[in-house]
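The values are calculated or read from the model by the stated rules, or taken from the named source; none is laboratory data. Keep in mind that this is a model prediction, so the values were computed, not measured. Please note: Cβ atoms are built from the backbone with ideal geometry, for glycine as well, and neighbour counts cover all protein chains shown.
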Amino acid sequence: MRGMWVTACVVGVVLLIALCFGHANPMTTYDREVDINWFRLLTTHFTHASWGHLLGNVTAFSLVVWHFKFKGHDVLLTLMLTVVLVSIWVMGMDMDITSHMGLSAVVYGLLGLASGDLWRQSRHHEFVVLILGVTAYLLWSWQHHSGVFVAAHWLGLGSGWLVCGMQAKWHHQYSPKRSEMS
């Protein structure tokens, strides 16, 4: 139950925003036509279009954290990195995007982190299955959903790989050398 405290906090924030502000509220959803508001760029990831959207994102988030037994700081780092990368992209890179909301990019960030962990643990068959499944879904969704939907998910996946790479670098740099342990 390592990362479940972060999951509980994220679920709490999502539900609090939904209950206090409702769905797709202009106060919490990024909208380029209104103005560029940093607060909305961050809260839009915790705002959802409907109760079904919210339930799907919160369930996926919770199941991924639980299944892969992530540590709380890994979940938090992936969450923060994904929110920042997607917000920067939505704000500055794609001028066709007028609005954005949802936690799904963070779910894909966690799937990226999971795939990196599987690779590092030499669980290559599981890595291939996860990557093929995620890639197949993203390629399918490219044909059936808007660009922000798919691009945010790819950015989430990439942020998970970044976190995994940072972990590997940190572990390699700060773990005791084998010669020092003998």
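Which of the residues that make up segment 92-103 are surrounded by fewer than 18 Cβ atoms within 10 Å (Cβ to Cβ) and either in contact with a His (Cβ under 8 Å, 6 or more places away or on another chain) or at pLDDT 70 or above (or both)?
Once the filter is applied, which keeps residues that are surrounded by fewer than 18 Cβ atoms within 10 Å (Cβ to Cβ) and either in contact with a His (Cβ under 8 Å, 6 or more places away or on another chain) or at pLDDT 70 or above (or both), segment 92-103 yields only GLY92.
Return the only residue of TRP140, TRP66, TRP119, TRP154 being modelled with pLDDT of 80 or more and exposed (fewer than 13 other Cβ atoms within 10 Å of the Cβ). Even if it seems obvious, please write down each step before you answer.
Values: TRP66 fails: exposed (fewer than 13 other Cβ atoms within 10 Å of the Cβ); TRP119 fails: exposed (fewer than 13 other Cβ atoms within 10 Å of the Cβ); TRP154 fails: exposed (fewer than 13 other Cβ atoms within 10 Å of the Cβ).
It is TRP140.
Answer with yes or no whether MET80 is modelled with pLDDT under 85, aliphatic (A, V, I, L, M) and closer than 19 Å to LEU155 by Cα.
Working: modelled with pLDDT under 85: no; aliphatic (A, V, I, L, M): yes; closer than 19 Å to LEU155 by Cα: yes.
No: the conditions fail for MET80.
Quick check on this structure: which one of VAL58, VAL90 is touching a residue at least 24 places away in the same chain (Cβ under 8 Å) and closer than 15 Å to ALA152 by Cα?
VAL90
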